[in-house]
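See below for the structure under consideration.
The values are calculated or read from the model by the stated rules, or taken from the named source; none is laboratory data. These numbers were taken from a predicted model, which means no experiment stands behind them. No Cβ is skipped: glycine too gets one built from the backbone with ideal geometry, and neighbour counts run over all protein chains shown.
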Amino acid sequence: MGVKTYRIGRSGANTGRAFVAGLMVSTAICITAVSTSSTVFAQGVETRSFSVPAGTLGDALAAFGRQAGLQVSYLSGVVEGRSSAGLSGSATKEQALARLLGGSGLSYRFSNDKSVVITDAEGAAAFVNEDGSMLLDVITVVGGNPSIMPYETAAPTDYISSETIDHYRGSSPADIFRGTPGVMSGEARNGAGAVDVNIRGMQGMGRVAVTIDGAENATNVYQGYQGISNRTYMDPDLLEGVEISKGSDVSSRGIAGTVAMRTVDAGDIVEDGKWFGIRAKGGFGTNTSSPVDGAVGGYGGLSIYRATPSEQGLDRPNPLEPTSGSVSLAAAVQRENFDLLAAYAYRKQGNYHAGTNGKSAEAIDLGEQTVCTWICTTYPNYYVNTGLTNYRAGEEVLNTQLETKSFLAKATGRFGDGHSIKLSYSGFRSEAGDRFASQLTSNRSQPIQQAQTTGTKLDTFAARYRWQPVDSDLINLEANLWRTNMELRNPRRNEYGVSFASLGLPEGYRTGSDIVMLGADLKNKSNFDTRWGAFDLNYGLNFLREDTKPSAFTKELETWLDYRDGERQQVAAFSKAAWKPTDWLTVNAGLRYERYWTQDRNDPYLPRPGYSYDNKTQGDGWSPSAGITLEPLKNIQLYVNYSNVMRAPSLVESGSGFTMNVSPEVTPERASNWEVGTNLIHKGILSSEDTGMIKFGYFNWTIDDYIAREWKTVGGISSMHIYNLDKAKFSGLELSGRYEWGGFMAELGANYYTNVEFCITSDTCENTSLYADYATNQVPPEYSVNLSVSKRFFDDALTLGGRVTHIGPRAVDHGQVTATGSSNFISNIDWDPYTLVDAFADYKVTDNLTASLRVENLTDQYYVDPLSLVQQPGPGRTFYASLTAKF
């Protein structure tokens, strides 16, 4: 239920505030804000959507608190023996609370803009002493924190709050997923400012459905023999929360899971009791250097006959010297019938520097050696690199610079009886270092700074209609329509095509892809009681259209690269039902029907003999699910869920490229996913004032007809080929824990893979990845552990915290390394187990101004991220300072 107990009191002591304020402000950018509005704790302006099931009053207040963003407080015993009829529909916070308390004899009052107190007739004044201080008695506080929702959900879910993002944002958007059990992002350091979410070893091709405010912008970027990057673009500076669901669900096409990101809304900017609000953030970071075109790193000539160290890259800036910066501004209006919001964020950073503690590049002369590949060669002096990458300790890591601009606008109108319409626009622009992955695949490859960056232009338009009448449990209707336009531009990656001059183009003209995605969904929720128990129904329709094509002159300039030209459509209908015949049993069932079409329009500049183009594919399938949840005691859940869900081939898997032939025999993947888990919430572990929560689960996934890539020769013609493995298997254990005691909080996350297996046929299963398959560098660490702690001081004005993250070795090795030829087809990116330490401090200078400091990679570790396509280290020790003003 997400309950914690503690004694409330105000010490009035402000010892140390002046010292801390001076320390924080002296290291941050100065932003001043003045608020002339007085705070009024009226709650009736904003209308929200509520869905609170009938049941005990304590449970109802907990659900209300989470959905309203409020802390609901009451003396112990006030709600015991009382029940609530629940609530479904749109209402103000006051209207919703009055309905939940109807007939209970209890009353409420808002003590501030984030807290409400529940009292009975006899205890109405029991919270306040004669001197005006708070009574030191046990008070139950519920709601107001969506981070505890995973511990109340009978499924493998996680939540990343905006506070967590602020404290551990990292140098790349991919860093926001660090510490989430079973979830990582690939290409964290070479992703051009995007994320490539991996859930339990599965990523790319739509296996993980990633949305931002319900819309998608996923695309695939060809990376040569190394595979592809699966990129989704977003700006963490404008995120308010990330909901993660691991495993398949009939309401989503993601067979490995769903990641739903929510950007800032008017209600996040405007404080309760006000109609207008502004939030401004500004900050700087360290540990970066400005890129220099043509700069080289590490050693040249490794593994041949010499090792020439670069004369550049070791001039690491002073640890506290500001070398990067960011700023964001959000303004909003919130009235009874409408909301308006506009936001902008800008960030610029140079190439980061690697850490100094670890296996950095070091060249060693082995003397005379004979090396045999296609032929044998004897070298009088043969040099090897004993480091993980070809970057030295503290060296500038080339092509990691990033500059982004983000725009956000939303307008919401409410028209009575639960009707509302929200119109939104989001824009994203980036210029980022982005090394073609197949050019940096070992610790011998010498990195070179590219003269050009990769550019991204992204625009998303969306309209959302909701109808949620407050007096109906049968209607909670939502209709969404969105369109995303993407333009991806990168430096020319090969010289096999025609020249710039022959096409009348300037030198440096960038090639790429143009993508249009269009989506729509219609869904409704209905709740009703019968003599056989309570029923919750969710049902709806989904539509997705994806159209991608090479940008102008790309076919001529990039003859040998696999840019797709095609269209893909999916339509689906789904229904889910939850039946609760008793207080301790819930039975779930669901069914999804999906149909897909793809059209390959590839008309290459130089067609390859034996290839087929202009292919069409189509298919359909049913996807069922079922589950049982037991609640034998209060705050204990035991659940078992099963699903069997289809994934249609993506455009990469159904469209041809210059070196990729299409196989019409490729069939959809089908994931059979088992989840077994438990949730436990307990009060009074070490004290009557603390609360502990645990979520523990086991998963076992079998993906039949897993779609993979191979190098194949047919009729004397060799090419990359998409085909179906018999199956792939992933299984493991996941643990999440949360402990709260007053101002102290600790969170633990851990996962361990018991099996990762790929089966070419039913009789040839191996605990290794395959010679040419994309999954080679999608294999996750065998285990990972993350511990975060924080403590509030000085009447909650100061918060200190940090986390420790340990990453283990690869779950399985790379197999069939030389299945064809004498070398790797896909290079296995190596990493060693490593431990990172991060720390932060927030100080509330005034009610409107907060100063923040954070240090990432405190011990300056030299490490390589898992799931990378290039062999390069992550960032070393980096300091960040910022100020946030609200008024």
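Summary table
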{"read-out": "Residue, farthest from residue 452 (Cα to Cα), within region 482-521, restricted to residues that are of a type in the set (Val, Ile, Thr) and surrounded by 17 or more Cβ atoms within 10 Å (Cβ to Cβ)", "value": "484"}
{"read-out": "Lone unmet requirement of (1) of a type in the set (A, V, I, L, M); (2) closer than 30 Å to residue 296 by Cα; (3) assigned to a strand (DSSP E or B) for residue 481", "value": "(2)"}
{"read-out": "Residue satisfying condition, being at pLDDT below 95 and either more than 23 Å from residue 181 (Cα to Cα) or surrounded by fewer than 17 Cβ atoms within 10 Å (Cβ to Cβ) (or both), within set 799, 835, 818", "value": "818"}
{"read-out": "Some residue of region 679-694 being closer than 26 Å to residue 810 by Cβ and of a type in the set (Val, Ile, Thr)", "value": "no"}
{"read-out": "Failed condition for residue 577, given (1) closer than 30 Å to residue 630 by Cα; (2) among the aliphatic types (A, V, I, L, M); (3) modelled with pLDDT under 95", "value": "(3)"}
{"read-out": "Any pair with Cβ under 6 angstrom, 6 or more apart, that starts in region 249-265 at a residue that is closer than 14 Å to residue 182 by Cβ and in a strand (DSSP E or B) and ends at one that is charged (D, E, K, R) and at pLDDT 90 or above", "value": "257/246"}
{"read-out": "Residue match in region 719-735 (condition: over 26 Å from residue 674 (Cβ atoms), modelled with pLDDT of 95 or more and out of contact with any Gly (no Cβ under 7 Å at 6 or more places or on another chain))", "value": "no"}
{"read-out": "Neighbours by Cβ (under 6 Å, 6+ apart or cross-chain): first from region 697-709, over 20 Å from residue 816 (Cα atoms); second at pLDDT 95 or above and among the aromatic types (Phe, Trp, Tyr)", "value": "700/674; 701/730"}
{"read-out": "Criterion: surrounded by fewer than 18 Cβ atoms within 10 Å (Cβ to Cβ), outside any strand (DSSP E or B), in the same structural domain as residue 668 (by TED's automatic domain parsing) and of a type in the set (A, V, I, L, M) - qualifying residue of 320, 302", "value": "320"}
{"read-out": "Number of positions in region 680-707 that are farther than 27 Å from residue 726 by Cα, buried (at least 16 other Cβ atoms within 10 Å of the Cβ) and not basic (Lys, Arg)", "value": "8"}
{"read-out": "Any hit, region 411-419, residues being assigned to a strand (DSSP E or B) and either in contact with a Gly (Cβ under 7 Å, 6 or more places away or on another chain) or crowded, with 21+ Cβ neighbours inside 10 Å (or both)", "value": "yes"}
{"read-out": "Residue in region 335-345 that is of a type in the set (Gly, Ala, Ser) and closer than 29 Å to residue 833 by Cβ present", "value": "no"}
{"read-out": "Cross-chain or 6+ apart pairs with Cβ under 7 Å, region 653-681 first and more than 24 Å from residue 225 (Cα to Cα) and outside the structural domain of residue 599 (by TED's automatic domain parsing), then modelled with pLDDT of 80 or more and buried (at least 21 other Cβ atoms within 10 Å of the Cβ)", "value": "none"}
{"read-out": "Wholly enclosed strands (runs of 3 or more DSSP E) of region 704-794 bearing at least 1 residues within 30 Å of residue 687 (Cα to Cα)", "value": "727-741, 744-759, 783-793"}
